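A short write-up of the structure that comes next.
The values are calculated or read from the model by the stated rules, or taken from the named source; none is laboratory data. Note that the coordinates shown come from a computational prediction; the quantities given were computed from them, not determined experimentally. In this analysis, Cβ positions are derived from the backbone assuming ideal geometry, glycine residues included, and neighbour counts consider all displayed protein chains.
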Amino acid sequence: MTDAVNPPLDFTGLSDDRIAQILREYNIPLTPDEARKVQREMLKNVPLH
């Protein structure tokens, strides 16, 4: 993670391994499935930071 403005976290089309890596980088304690569920069902779009 950089100190510069970070891009939106969009998990669409990413592998579980890549999503897990991003979640660890941002210190987000979710599984890849949980992150997809938040994006798809709760936010109904690409999450912005």
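For first residues located in segment 18-29 and among the aliphatic types (A, V, I, L, M), partners that are modelled with pLDDT of 95 or more and part of a loop (DSSP other than H, G, I, E, B) and lie 6+ apart or on another chain with Cβ distances below 7 Å form the pairs 23/30.
Residues checked against (1) modelled with pLDDT of 85 or more; (2) surrounded by 10 or more Cβ atoms within 10 Å (Cβ to Cβ); (3) not β-branched (Val, Ile, Thr):
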| residue | (1), (2), (3) |
| --- | --- |
| 1 | no, no, yes |
| 5 | no, no, no |
| 12 | yes, no, no |
| 15 | yes, yes, yes |
| 23 | yes, yes, yes |
| 27 | yes, no, yes |
| 38 | yes, yes, no |
| 43 | no, yes, yes |
| 47 | no, yes, yes |
